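Reviewing the structure listed below.
The values are calculated or read from the model by the stated rules, or taken from the named source; none is laboratory data. These numbers come from a predicted model, not from an experiment. Virtual Cβ from ideal backbone geometry, glycine too; neighbours counted across all protein chains shown.
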Amino acid sequence: MKPTLTIVFAAVISLAGAASAATAPGTTAAFGPQPLLDGSKLKLSSANVLVLDAGAGKAIYAKGADSVTPIASVTKLMTAMVVLDAALPLDETISIGMEDLDMLKGSHSRLRLGTELPRREMLRLALMSSENRAASSLSRHYPGGSEAFVAAMNAKARSLGMARTHFSDPTGLSSENVATANDLARMVQAAADYPAIREFTTTPSHYVEVQPTGQLLGFNNTNALVKNGTWDIQVSKTGFIREAGKCLVMLTTIASRQVVIVLLDSYGRLTRIGDANRVKHWLETGEALPATAAVKPTAKAKRVKST
């Protein structure tokens, strides 16, 4: 064989081998110098999962990501976008009325009937502490009322390409609020374009002075991970109703890359937090995280009410 042909043949063999390694089943290229990621090592309890490389727009890991399922209070990210898109005055005072009481699930709220707060604070509490009455009040004080608000939520979902998503209420208490993990990744990325959503969903705790009583109330973030110094979270939202299980969506930076993590229909009080930690460890090391390390809460996390 001539020398030139030998060189060309060797180059072709080398390229073919590289292509084969890059597309090996069950693996995907890791971030930076990390080894290839083996998805079989990631054992998650959530029924529907998507881990998305936000920069590349490609799935790193998926399980049931196209299945339609109730999404509970993850809904409130869409609620916030509709409020902010309307450019309503954030300093305007709005109130909690009879229509905002939860007659469907009977959920508890510390915002009593007649409570008045600026729209900004209602939005903050709806996102940070998942306050259902706050979310309901935001929709009721929208031009055209709650019906027009829900229509705007569905229109926004269509504009984002969330083809398998439907909203029936602004709180997520209705099991008719459904989506896929893939659709929710789109929603999380869109929500990240709103500075107020980024700030409010990652605020660890906040105090508000409610009117007309002047009472000072403290609220905690429903996602304990925003208080954990090992996480760099830009957008966060939890959710829970019986039909949806425990849910968690986040935009976060792991191993120097932005990733969207969607965890739906998780069971157990700490399982979604454990799954999130498993995903983080796997992305950083390519290895599985021991179960006991994945679910061990901090002292502060124990005091945060899941929602």
Legend entry - Which listed residue is farther than 20 Å from Thr238 by Cα and charged (D, E, K, R), from Arg119, Arg133, Arg124: Arg119
Legend entry - Lone qualifier among Lys105, Lys76 - being under 28 Å from Leu160 (Cβ atoms) and assigned to a loop (DSSP other than H, G, I, E, B): Lys105
Inset, instruction - Please determine, by comparing only the residues of the range 66-89 that are surrounded by fewer than 18 Cβ atoms within 10 Å (Cβ to Cβ) and of a type in the set (Gly, Ala, Ser), which one is farthest from Ala196 (Cα to Cα). - result: Ser67
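Among the residues of the range 89-130, write down those that are among the acidic types (Asp, Glu) and over 17 Å from Gly214 (Cβ atoms).
Within the range 89-130, Asp91, Glu92, Glu99, Asp100, Asp102 meet the criteria.
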Inset, instruction - Determine the pairs where a residue that is under 21 Å from Thr171 (Cα atoms), located within the range 58-77, has a partner that is surrounded by fewer than 17 Cβ atoms within 10 Å (Cβ to Cβ) with Cβ atoms under 7 Å apart, the partner being 6 or more residues away or on another chain. - result: Val68/Arg164; Pro70/Glu243
Inset, instruction - Determine whether Ser45 is touching a residue at least 24 places away in the same chain (Cβ under 8 Å), within 24 Å of Tyr267 (Cα to Cα) and surrounded by fewer than 17 Cβ atoms within 10 Å (Cβ to Cβ). - result: no
Inset, instruction - Look through Ala163, Ala185, Ala196, Ala126 and report the one residue that is modelled with pLDDT of 95 or more, under 21 Å from Gly106 (Cα atoms) and either touching a helix residue (DSSP H, G or I) at 6+ places or on another chain (Cβ under 8 Å) or not hydroxyl-bearing (Ser, Thr, Tyr) (or both). - result: Ala126
Inset, instruction - Run Gly64 past the list (1) in contact with a Lys or Arg (Cβ under 7 Å, 6 or more places away or on another chain); (2) among the small types (Gly, Ala, Ser); (3) farther than 15 Å from Ala135 by Cα and report the number of the one that doesn't hold. - result: (1)
Inset, instruction - Name the residue, out of Thr222, Thr253, Thr238, that is free of Cβ contacts under 8 Å to residues at least 40 places away in the same chain and either over 20 Å from Arg124 (Cβ atoms) or crowded, with 20+ Cβ neighbours inside 10 Å (or both). - result: Thr253
Inset, instruction - Scan the range 111-121 for residues that are in contact (Cβ under 8 Å) with a residue 40 or more places away in the chain, more than 22 Å from the chain's Cα centre (by Cα) and surrounded by 15 or more Cβ atoms within 10 Å (Cβ to Cβ) and jot them down. - result: Leu111, Thr115, Glu116, Leu117
Inset, instruction - Can you give me the number of residues within the range 83-102 that are in contact (Cβ under 8 Å) with a residue 24 or more places away in the chain and assigned to a loop (DSSP other than H, G, I, E, B)? - result: 10
Inset, instruction - Report yes if Glu209 is over 18 Å from the mean Cα position of the chain (by Cα), of a type in the set (Asp, Glu) and surrounded by fewer than 15 Cβ atoms within 10 Å (Cβ to Cβ), otherwise no. - result: yes
Legend entry - the range 90-104, residues that are within 17 Å of Thr171 (Cα to Cα) and either exposed (fewer than 14 other Cβ atoms within 10 Å of the Cβ) or of a type in the set (Gly, Ala, Ser) (or both): Ser95, Gly97, Met98, Glu99, Met103, Leu104
Legend entry - Verdict on Ala47 being aliphatic (A, V, I, L, M) and out of contact with any strand residue (DSSP E or B) (no Cβ under 7 Å at 6 or more places or on another chain): no
Inset, instruction - Test Thr180 against the stated conditions and say whether it is in contact with an Asp or Glu (Cβ under 6 Å, 6 or more places away or on another chain) and in contact (Cβ under 8 Å) with a residue 40 or more places away in the chain. - result: yes
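Okay, residues lined up against (1) on the phi > 0 side of the Ramachandran plot; (2) over 14 Å from the mean Cα position of the chain (by Cα); (3) not hydrophobic (A, V, I, L, M, F, W, C):
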{"residue": "Ala196", "(1), (2), (3)": "no, yes, no"}
{"residue": "Thr213", "(1), (2), (3)": "no, yes, yes"}
{"residue": "Leu264", "(1), (2), (3)": "no, no, no"}
{"residue": "Arg278", "(1), (2), (3)": "no, yes, yes"}
{"residue": "Trp282", "(1), (2), (3)": "no, yes, no"}
Legend entry - Residue list for the range 129-141, filter: in contact with a helix residue (DSSP H, G or I) (Cβ under 8 Å, 6 or more places away or on another chain) and either modelled with pLDDT under 95 or outside any helix (DSSP H, G or I) (or both): Ser130, Glu131, His141
